[in-house]
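S.K.: The structure is given below, and queries will be raised subsequently.
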Amino acid sequence: MAKNARNAPRLFLWLIVLVLVVATGVTLWRTGAFRAPPSIALVPADNTPYWEDAILGARHAAERYNAVLTVHKVGGDEQTQSSILRDLAAERVSGIAVSPLHANRQALLLREIGLKIPVVTLDSDSPLSGRMCFVGADNYTAGRQCGELVREALPEGGSVVIAVGSMDKANGQLRRQGVIDELLERSFGPGRPVEPMNVILQGPGHTVTATLVDDTNPAQAKANIAALLASGDPPDCIVGLYSYNGPAAVEALTEAGAIDDVVVIGFDYTDATLAAIEAGHIYASMAQDPYNYGYHAVRLLAEEARGKGHAILPMNGIIDIRCFPINADNIENFRAKIVKRRSGPVEG
């Protein structure tokens, strides 16, 4: 009896140790410490320089949230992108972040994949796909912001041509409609039907005379502008809605000797766009934040793989990362921010 009494504290101590070991093991399992890192696939829309910062942000998020990231680039071809998505679904990756090339045609495929694997759209949405979340700008609002820049540059009005990479993608549709609605001084209407392509749209002061679509081909974008200038009726302003449209317009205008005759509004912040702003050839550019598109898409998918994603998911399923204008007044500060961001992981 005395011996059992002496052993009781020791047994109690071992019981405490056992409970602590089990509790620690359960905690580590729940946090994913004993599991393989989640595998996240990023599928951009094309190979243009715009995506470089999105990929960088995705890589930084993968490092921070202990995920394995693979990047699957496509050349702007919908069938190729859909094939890659099917292959990734078959591999059962932990999550897919994709910029769909066609919002409606790919919706069913994305919905089917989403029943098995979390899918996040970034940059361009596919609302009918049932995706877990969209990470990106409100593209309609971004278009209206571009329209505001046109009105600022041409306060007395004038003719405007819109250049856009795709009218199949939701981002191209919404940006264009936003520009049109702003210039025609309409009420805010993100659900307004897409304006026909082959009509001249007359507003109180500004007239949208044409929309040039280049199928996300920078060379074609330049050729479209060159053909427009060769017709002998240059517009007062060209609004480029994809990252390469502004620089393509500058090249075509320079070669035609008309660089000082037409106002150019750009989109995003490629090196060529920033150089053109500094040279005074692009009035301003409406910049997205692709770094944070990639960062937050991967962050969300990595957390979802560990059972935490829906806890941080916005109620409306959209992480809205706002656009902002870059012009001659703020370009120096913007360049400093980009240099800092590219030097290492920086959220926000």
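Read-outs: derived from the displayed coordinates by stated rules, not from any lab. The shown structure was predicted, so the numbers you read here are calculated from the model rather than taken from an experiment. In this analysis, Cβ positions are derived from the backbone assuming ideal geometry, glycine residues included, and neighbour counts consider all displayed protein chains.
S.K.: Specify, per residue and in Å³, the volume enclosed by the convex hull of the alpha carbon atoms belonging to segment 139-287.
M.R.: It comes to 96 Å³ per residue, whole-number rounded.
S.K.: Nearest 10 degrees is fine. How inclined is helix 51-64 to the longest principal axis of the chain, computing both from alpha carbons?
M.R.: In the chain, helix 51-64 runs at an angle near 10 degrees to the longest axis.
S.K.: How far, in degrees from 0 to 90, does helix 139-153 lean away from the longest principal axis of the Cα atoms of the chain, to the nearest 10?
M.R.: 40
S.K.: Kirkwood Rh and Cα-based Rg: tell me the resulting Rg over Rh for segment 150-210, rounded to two decimals.
M.R.: Expressed as Rg/Rh, it is 0.94.
S.K.: Run the Debye formula on the Cα coordinates of the chain, all scatterers equal and no solvent, and tell me log10 I(q)/I(0) at q = 0.10, 0.11 1/Å.
M.R.: -0.63, -0.74
S.K.: At 222 nm, what value in deg cm²/dmol follows for the chain if DSSP H runs of at least 4 each add -39500 (n - 2.57) and the sum is divided by all its residues, to the nearest 500?
M.R.: Calculated at 222 nm, the ellipticity per residue is -14500 deg cm²/dmol.
S.K.: Starting at the first residue of segment 191-206, write each ³J(HN,Hα) from the Karplus equation 6.51 cos²θ - 1.76 cosθ + 1.60 with θ = phi - 60°, in whole Hz, x for Gly and Pro.
M.R.: Those phi angles translate into x, 5, x, 5, 5, x, 7, 9, 10, 7, 10, 9, x, x, x, 10 Hz.
S.K.: Another question, if that's okay. Given labels modelled 7 Å from the Cα in the Cβ direction, how far is it in nm from residue 333 to residue 68?
M.R.: So the label points at residue 333 and residue 68 sit 4.3 nm apart.
S.K.: When the chain is modelled as a GNM with alpha-carbon springs shorter than 10 Å, which of 299, 144, 335 fluctuates the most?
M.R.: 335
S.K.: Measure nothing fancy, just the Cα-based angle from helix 170-183's long axis to the longest principal axis of the chain, in degrees from 0 to 90, nearest 10.
M.R.: 50
S.K.: Given the C-alpha centroids of segment 274-348 and segment 237-260, what is the distance between them in whole angstrom?
M.R.: Between the Cα centres of segment 274-348 and segment 237-260 lies a distance of 24 Å.
S.K.: Right, here's the next one. Starting with the fewest neighbours, write out 182, 78 ranked by other beta-carbon atoms found within 10 Å of each beta-carbon.
M.R.: Placing the least packed residue first, the sequence is 78, 182.
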